[in-house]
């Protein structure tokens with residue numbers, strides 16, 4: 001495993017809208033995933049990159065064994 005990069009086996013992609021009304025739900029899912037020993041991932045991990053959001057989502061999904069929608 002590269003330094004600072006979670007393993008595929010422990011990564012969980014969380015697909016949740018960025019809208020303010022979903023913020024509490026997103027944070028609750030992140031907390032639950034982390035408390036369960038997994039690494040929460042989302043397209044937010046790569047914000048600021050020049051890639052389109054769909055490309056960032058596709059890449060993140062490909063690097064996660066599990067996903068939550």
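The values are calculated or read from the model by the stated rules, or taken from the named source; none is laboratory data. Fair warning: this is a prediction, and the values are worked out from it, not measured in the lab. Quick reminder, even Gly has a Cβ in these numbers, built from the backbone with ideal geometry, and neighbours come from all protein chains shown.
Which residues, taken from region 31-54, are at pLDDT 95 or above and either farther than 17 Å from residue 69 by Cα or in a helix (DSSP H, G or I) (or both)?
31, 32, 33, 34, 35, 36, 37 - these are the residues of region 31-54 that are at pLDDT 95 or above and either farther than 17 Å from residue 69 by Cα or in a helix (DSSP H, G or I) (or both).
Looking at (1) touching a helix residue (DSSP H, G or I) at 6+ places or on another chain (Cβ under 6 Å); (2) at pLDDT 95 or above; (3) over 19 Å from residue 7 (Cβ atoms), find the lone condition where residue 57 falls short.
Unmet condition: (2).
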